[in-house]
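Beneath this line is the structure, given in structure tokens, with notes to follow.
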Amino acid sequence: MKATTIGSLISSALGGFLLSLSPVSAVTLVEPIVTTPITNFPDGIKVTDALKPSELRFWNAPDTTGEQNFVNDTGFTINQFSFLVFPDFDTLADDVIWGDVDGDGKVGFSNIFSNITISPDFLVENFRAPRLNMTGGSIFNGNSFAVQFLTKPDLRPAQPGDNGPLVIGGAYDIAKQVPEPSTILSTALVFGLGSCLKKYKSARN
């Protein structure tokens, strides 16, 4: 995960939910934290309009270099983050789900976005991709924010800069967007990234 990509931008945060897709003996919980700037985090990583609204990007998480404050430099007000986990493409033996890692009784935490919803049965090209949306808030152009991913068990690499084992997709949306977010994400994934997923899976087999 590189700090100069949107992947690392979202390289931190979105929370869990116990999915009942299939019975599992053990699971890995993933939870997101999207907040106002954190004082002891470095500043200055800009999210620019080089990544278009609703354009999905993949990255690996969690990551020891993910503790960053970011700046909305898109020229727009960000009013949503959408995150996907891809349990079929990680390197873990256990299933991976959105879940309550910090034990506060909720999946995900944000002091910016007031609504967190989870679509556990979301599919991309017949691959499982449970989705978590954060809405009901605004990050105005020029404002800073922090994003983190928590996992249980803690999967942060011991070596700073190494990639974590989870495959996660993420996208932001802006106030001017009209289409329903799930439609946008489905279209972008199926037509723009479906072949990417197939190649990824083939490379792992």
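The values are calculated or read from the model by the stated rules, or taken from the named source; none is laboratory data. Predicted model only: the values in this text are computed from it and were never measured. In this analysis, Cβ positions are derived from the backbone assuming ideal geometry, glycine residues included, and neighbour counts consider all displayed protein chains. Surface areas here come from the heavy atoms of the whole protein model, side chains and all, with no ligands, DNA or RNA. Shrake-Rupley method; radii C 1.70, N 1.55, O 1.52, S 1.80 Å.
Remarks
- Yes/no for G137 being open to solvent by less than 50 Å² (accessible area, probe 1.4 Å), of a type in the set (G, A, S), touching a strand residue (DSSP E or B) at 6+ places or on another chain (Cβ under 8 Å) and not in a loop (DSSP other than H, G, I, E, B): no
- Scope segment 140-159; condition in a strand (DSSP E or B) and either basic (K, R) or touching an Asp or Glu at 6+ places or on another chain (Cβ under 9 Å) (or both); matching residues: S144, A146, Q148, F149, L150, T151, K152
- Positions within segment 125-144 being of a type outside the set (K, R) and touching a helix residue (DSSP H, G or I) at 6+ places or on another chain (Cβ under 7 Å), in sequence order: E125, F127, N133
- The lone exception for A61 - which of (1) touching a Leu at 6+ places or on another chain (Cβ under 8 Å); (2) at positive phi it fails: (2)
- Verdict on I116 being under 19 Å from V147 (Cα atoms), in a strand (DSSP E or B) and at pLDDT 95 or above: yes
- Residue ID - nearest to D90 (Cα to Cα), chosen from residues in segment 109-118 that are in contact with a Leu (Cβ under 8 Å, 6 or more places away or on another chain) and surrounded by 18 or more Cβ atoms within 10 Å (Cβ to Cβ): I118
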